[in-house]
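Read the structure below first, then the notes.
The values are calculated or read from the model by the stated rules, or taken from the named source; none is laboratory data. Every value quoted in this text rests on a predicted model; they were computed, and no experiment measured them. FYI the Cβ positions are ideal-geometry reconstructions off the backbone, even for glycines, and counts take in every protein chain you see. Surface accessibility is based on the protein's heavy atoms, side chains included, excluding ligands, DNA and RNA. Shrake-Rupley method; radii C 1.70, N 1.55, O 1.52, S 1.80 Å.
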Amino acid sequence: MSNVNLERRIKRQAWFPEHRFFAVTAPGLEALCAAELTALGAGEVQPETGGVNFSAKLELAVAANLWLRTAGRVWLRLKDFRVRLWEDLTRQAEAVPWEVFLAPGAPLNIQVALKGSNLKHTGRIAEVVGRAAAQRLREVGLAPPVPSEPGDENAQRLQVRGNDRRASISLDMSGAHLHKRGWRAQGGLAPLREDLAAALLMLCGYDGREPLLDPMCGSGTLVIEAASLSRGLPPGRGRSFAFESWPCHREAAWNYLKRHTLEQALAAPAAPILGRDSNREAVALAQGNAELAGVGQGVDLEAGDFFTAAPPAGPGLLVMNPPYGKRLGSVRQAQDLARRIGQRLTQAYGGWRCGVVLYRPEWAEALGLSETTAITAPFGGLHVTLLFGTVPQK
Ligand SMILES: C[S@@+](CC[C@H](N)C(=O)[O-])C[C@H]1O[C@@H](n2cnc3c(N)ncnc32)[C@H](O)[C@@H]1O
């Protein structure tokens, strides 16, 4: 196919139409992600368990990959259809303009999750879809995709999923999980996942304009997310995305978007951000991570014990992710810690707003916060509670 023809198809199939997308989230974070998408200008934003459906032009979905803090991945829905017979699947798969979205000759990983469907054989479903894609690329003179090797993280993901008689074929825009912001060198002992850190800050209504303290900062995830938010830096600024390899990708426009967002960002957080940890190695790690994330300037990190260090000027927002049960050795020790944290909060942080990552919801009471709200999300085989409240004045 001539370049002119491909270019025409790219405009007609990729850039002009509105598409449907699905932003995957950890269950519990859907409403926050929906709010992010609405703020970005997405249409028909509809949360469901495990993610958010939305409509947008491809350009907005590209920006969503760059900006979403609480999502794990964005799928572009190429086809949404009723399926009863194998012919239905073949017909729909053959109608996808694969040449516009698949890099010629690149590894393709087809995942199938059709529940309650007439079509039961997942291997055959993947084969039908893969064959349709290969045929279409060959027809226009391009190298067909190749099946990915097991564990190839860089392969383009394609998903066929659905329930009963409905199925969809979707292409992954993101590549690596979006919580991988591209800066983390080493995690430290128990790093918080970045989407959860961002979710806690959003639950607390953090807008970057009040002093922020993480008194148990570990590898620095919360202060780094806070600095990004405060400065208006996109979380995806330091990583690559699957859509960058698509034939329809607009390199110049993408580079312009990233450059423009960085130019618009503040040079430093709008209010002080302080991370402390009693472990000096953690402080050094957090410092290194903040620099790798490009937010080293304007984030202060120092050694200090939460129970004895004086609070910084405030009130502001205190966020923390204390050590949890398994690591502390026993549930009783963790409960005891929650009670001691609560005492210290009331003693020294009256009037501060407070966000805490808790590994057991029942410890919330020990913290003594007032006007609390909480969300729960899975993390590392556990369920964590993200709790927000205010420390009462003495
Ligand atoms: C679960 S980790 C925090 C992880 C962090 N949110 C991250 O993403 O890397 C808990 C941290 O609390 C610190 N810590 C424990 N007791 C402390 C205390 N009394 N004062 C300050 N830091 C403390 C530990 O050194 C550890 O780094």
Rounded if a/c under 1.5, otherwise prolate or oblate - the range 318-394, Cα gyration tensor axes: oblate
So how tilted is helix 280-292 from the main axis of the chain? Cα-based, degrees 0 to 90, rounded to 10. 40
Given backbone amide H placed at 1.01 Å from N, residues whose amide H is under 5 Å from that of Val112, ignoring those fewer than 5 places away on the same chain, are Val160
For the chain, alpha-carbon Rg over 2.2 N^0.38 Å: 1.10
If you take the square roots of the eigenvalues of the alpha-carbon gyration tensor of the range 1-142 and sort them as a ≥ b ≥ c, do you get rounded (a/c under 1.5), prolate (a/b over b/c) or oblate? oblate
With the chain treated as a Gaussian network of Cα nodes joined by springs under 10 Å, which of Asn53, Asn321, Asn118 yields the largest mean-square fluctuation? Asn118
GluC sites (Glu not before Pro) within the range 135-210, DSSP loop, no more than 10 other Cβ atoms inside 10 Å: Glu153
Long-range amide H partners of Lys79 with built H, under 5 Å: Ile169
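For the chain, give the percent of accessible area contributed by carbon and sulfur heavy atoms, probe 1.4 Å, rounded to a whole number.
Its accessible area is 50 percent carbon and sulfur atoms.
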Given the rule -39500 (n - 2.57) for each run of at least 4 DSSP H residues, summed and divided by the residues of the chain, what is its mean residue ellipticity at 222 nm, to the nearest 500 deg cm²/dmol? -10000 deg cm²/dmol
Helix 194-203 sits at what angle to the longest principal axis of the chain, using alpha carbons and giving 0 to 90 degrees rounded to 10? 60
Compare Thr372, Thr25, Thr70 in a GNM of the chain, Cα atoms joined below 10 Å, and give the one with the largest fluctuation. Thr372
Answer in debye to the nearest 20: the dipole magnitude of the range 71-183 about its Cα centre, from +1 Lys/Arg and -1 Asp/Glu charges placed on Cβ, is 460
For Ala284 and Gln135, calculate 0.36 nm times their separation in residues minus their Cα-Cα distance, and state this gained length in nm to one decimal. 48.3 nm
What is the helix-to-structure angle for 30-40, meaning the angle in degrees between its Cα long axis and the longest Cα principal axis of the chain, kept from 0 to 90 and rounded to the nearest 10? 70
In whole Hz, the Karplus estimates of ³J(HN,Hα) for the range 129-140 (6.51, -1.76, 1.60; θ = phi - 60°; x where Gly or Pro) are 5, x, 5, 4, 5, 5, 4, 5, 5, 4, 4, 9
With each label point set 7 Å from Cα along the Cα-Cβ vector, what nm distance links Ser240 and Asp88? 3.9
Net charge within 13 Å of Thr90 by Cβ-Cβ distance, Lys/Arg positive one each and Asp/Glu negative one each, not counting Thr90 itself? +2
Spin-label proximity, Gln264 to the range 59-83 - amide N less than 14 Å from point 7 Å beyond Cα toward beta carbon: 60-68
Taking 0.36 nm per intervening residue step and subtracting the Cα-Cα distance, what contour gain separates Thr346 from Glu302 on full extension? 13.6 nm
At q = 0.20 Å⁻¹, what log₁₀ I(q)/I(0) does the range 66-162 have when each alpha carbon counts as one equal point scatterer in the Debye sum? -1.06
How much net charge surrounds Trp183 when only the other residues with a Cβ under 15 Å from the Cβ of Trp183 are counted, with Lys and Arg +1 and Asp and Glu -1? +4
Hey, with R₀ at 41 Å, roughly what FRET efficiency would Thr372 and Ala113 work out to, going by the Cβ-Cβ distance, to 0.05? 0.65
Gain on full stretching of the segment that runs from Asp207 to Glu127 - 0.36 nm per residue minus C-alpha separation: 24.0 nm
Report the FRET efficiency, 1/(1 + (r/R0)^6), for Ala313 and Glu251, where r is their Cβ-Cβ distance and R0 is 56 Å, rounded to 0.05. 0.75
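Given a 1.4 angstrom probe, what's the average accessible area per residue across the range 3-172, in square angstrom?
Result: 46 Å² per residue.
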Under a crude label model (7 Å from the Cα following the beta-carbon direction), how far is Asp152 from Thr390 in nanometres? 5.6
